[in-house]
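Trainee: Take this structure first; my questions come after.
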Amino acid sequence: MVRDVLGSLLLLGGALWLWLGLVQAQRRQLRLLEELAASLEQMASAIRFRRETLLRLLAAQRQRPLAGPYYGAVLAALEEGISLPAAWRQGFAALSGEGGRILRRLEPEGDEQRILGELTWAAGELTELRRGLEQESRQREKLWFAGLFSGAGLLLILLI
């Protein structure tokens, strides 16, 4: 009897652990997209109002907890002598999904207006993508929760 209860609790705990892991991964992806959009908006604002250089802004963005490694990869590629557009694509090559495709399409070269337009466009695209994924994520979390716990419940019934 105690063994059955303990086994049931372990099974339900495992289902909960799996569900929380899936939810956490999705939320981390949403935070990354939000941080990337904010960083691009911040860079555009700094270029527009403070006339900052893109290289200095990239170095400042490297401090961000989630997006920072991508900006660091761009800077590392630049230090190897790669052109800025190629370094940008290489820096965001590890970013998967539509967010990565949006950032790799961004062309960070040309005059100030072109760069501002590119940064603003990409920030808007990432924001829209995050909003859409957030809605999908809520639905998916509910489905996963129902599926995992229904399956765990059914397994408990079969085992007991």
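The values are calculated or read from the model by the stated rules, or taken from the named source; none is laboratory data. Not measured: the values here are computed from a predicted model. Cβ sites come from the backbone with ideal geometry, for glycine too, and all protein chains shown count toward neighbours. When the accessible area is computed, the model is the full protein with side chains, heavy atoms only, and any ligands, DNA or RNA have been set aside. Shrake-Rupley method; radii C 1.70, N 1.55, O 1.52, S 1.80 Å.
Trainee: Which of (1) open to solvent by less than 40 Å² (accessible area, probe 1.4 Å); (2) within 21 Å of Arg28 (Cβ to Cβ) is the odd one out, the single condition Tyr70 does not satisfy?
Mentor: (1)
Trainee: For residues that are modelled with pLDDT under 80 and under 27 Å from Thr120 (Cβ atoms), tally how many sit in the range 9-36.
Mentor: Qualifying residue count, the range 9-36: 0.
Trainee: Of the residues that sit in the range 15-39 and are within 18 Å of Ala94 (Cα to Cα) and in contact (Cβ under 8 Å) with a residue 40 or more places away in the chain, which one is most open to solvent (accessible area, probe 1.4 Å)?
Mentor: Within the range 15-39, the match that is most open to solvent (accessible area, probe 1.4 Å) is Glu34.
Trainee: Select from the range 114-143 the residues that are within 11 Å of Leu30 (Cα to Cα), free of Cβ contacts under 8 Å to residues at least 12 places away in the same chain and small (Gly, Ala, Ser) and list them in ascending order.
Mentor: Gly132
Trainee: Exactly one condition in (1) under 15 Å from the mean Cα position of the chain (by Cα); (2) open to solvent by 70 Å² or more (accessible area, probe 1.4 Å) is false for Gln90; which is it?
Mentor: For Gln90, the failing item is (1).
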